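In what follows, a structure is listed as structure tokens, so that the remarks can point back to it.
The values are calculated or read from the model by the stated rules, or taken from the named source; none is laboratory data. Since we're looking at a predicted model, the values are computed, not measured. Here Cβ is always computed from backbone atoms with ideal geometry, including for glycine, and neighbour counts include all displayed protein chains. Only protein heavy atoms, including side chains, enter the accessible area calculation; ligands, DNA and RNA are left aside. Shrake-Rupley method; radii C 1.70, N 1.55, O 1.52, S 1.80 Å.
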Amino acid sequence: MAAIQRRGRRIMMTDDERDAYLAEQRTCRVATVSADGRPHVGALWFAWDGTSLWLYSITRSLRWSQVRRDPRIAVVVDDGVEYAELRGIELSGDAVPVGEAPRTGEPCPELAAPERLFAAKYFGMDTMPHDGRHAWIRLTPQAITSWDFRKLADPPTA
């Protein structure tokens, strides 16, 4: 179970708002930890299944090698231009590779749902195309923080 956000309750997203937001957004930024402890941040596509964030990463990337060595990651999905439009979500925890790496499409029941979501979201397809260069990383967050500054314009409800 993810840690409950303690600050910013007024601007925190509800679970339904979070799920809708993560379904509509297309790009996240993933922070991994290098061998000397420095963070590395890169953009990536993702799918959210309501419990876990599924990241589709190139297996020859720095991100992939860092996750294999140290599974701690943080992911940010955000948008907005003006201050009153800013909203986003930060998820953090341990990354877990799932399925074969690189992914070639071998049967893997655990990947059925995320691959359906990902294929529909990014390719407009029912099934996932596999290129033999990417593999799946699952983040079941230990902590989730969200913000939606648009809520500051609305009067608080009792």
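Out of the residues in the stretch 84-98 meeting the condition of being in a strand (DSSP E or B) and either among the charged types (D, E, K, R) or modelled with pLDDT under 95 (or both), tell me which one is least open to solvent (accessible area, probe 1.4 Å).
Among residues in the stretch 84-98 that are in a strand (DSSP E or B) and either among the charged types (D, E, K, R) or modelled with pLDDT under 95 (or both), the one least open to solvent (accessible area, probe 1.4 Å) is Arg87.
Restricting attention to the stretch 84-100, report how many residues are closer than 24 Å to Ala31 by Cβ and out of contact with any Lys or Arg (no Cβ under 9 Å at 6 or more places or on another chain).
The qualifying residues number 4.
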Exercise. Here are Gly99, Gly80, Gly105: which of them is in contact (Cβ under 8 Å) with a residue 60 or more places away in the chain and at positive phi?
Worked result: Gly80
For this session: Scan the stretch 64-116 residue by residue and report those that are in contact with a His (Cβ under 7 Å, 6 or more places away or on another chain) and closer than 19 Å to Asp131 by Cα.
Result: Pro102, Arg103, Thr104, Gly105
Seminar exercise, completed: Within the stretch 144-158, the residues that are of a type in the set (Ser, Thr, Tyr) and outside any strand (DSSP E or B) are Thr157
Exercise. When you go through (1) under 17 Å from Arg138 (Cβ atoms); (2) modelled with pLDDT of 95 or more one by one for Glu106, which number turns out not to apply?
Worked result: (2)
Problem set entry | Filtered residue count, the stretch 103-128, keeping only those that are part of a loop (DSSP other than H, G, I, E, B) and surrounded by fewer than 17 Cβ atoms within 10 Å (Cβ to Cβ) | 9
Exercise. Which condition does Pro141 not pass, out of (1) open to solvent by less than 30 Å² (accessible area, probe 1.4 Å); (2) part of a loop (DSSP other than H, G, I, E, B); (3) over 17 Å from Leu44 (Cβ atoms); (4) not acidic (Asp, Glu), if it passes all the others?
Worked result: (3)
Exercise. Among the residues of the stretch 66-77, is there at least one that is surrounded by 19 or more Cβ atoms within 10 Å (Cβ to Cβ), modelled with pLDDT of 95 or more and farther than 24 Å from Arg18 by Cβ?
Worked result: yes
Problem set entry | Residue check for Trp45: open to solvent by 70 Å² or more (accessible area, probe 1.4 Å), under 14 Å from Trp136 (Cα atoms) and in contact with a Ser or Thr (Cβ under 8 Å, 6 or more places away or on another chain) | yes
For this session: Exactly one condition in (1) at pLDDT 95 or above; (2) open to solvent by 70 Å² or more (accessible area, probe 1.4 Å); (3) under 14 Å from Pro141 (Cα atoms) is not met by Ile4; state its number.
Result: (1)
Exercise. Out of all the residues in the stretch 2-23, is one or more touching a residue at least 40 places away in the same chain (Cβ under 8 Å), of a type in the set (S, T, N, Q) and in a strand (DSSP E or B)?
Worked result: no
For this session: Run down Val41, Val30 and say which single residue is free of Cβ contacts under 8 Å to residues at least 40 places away in the same chain, touching a Lys or Arg at 6+ places or on another chain (Cβ under 9 Å) and either outside any strand (DSSP E or B) or hydrophobic (A, V, I, L, M, F, W, C) (or both).
Result: Val41
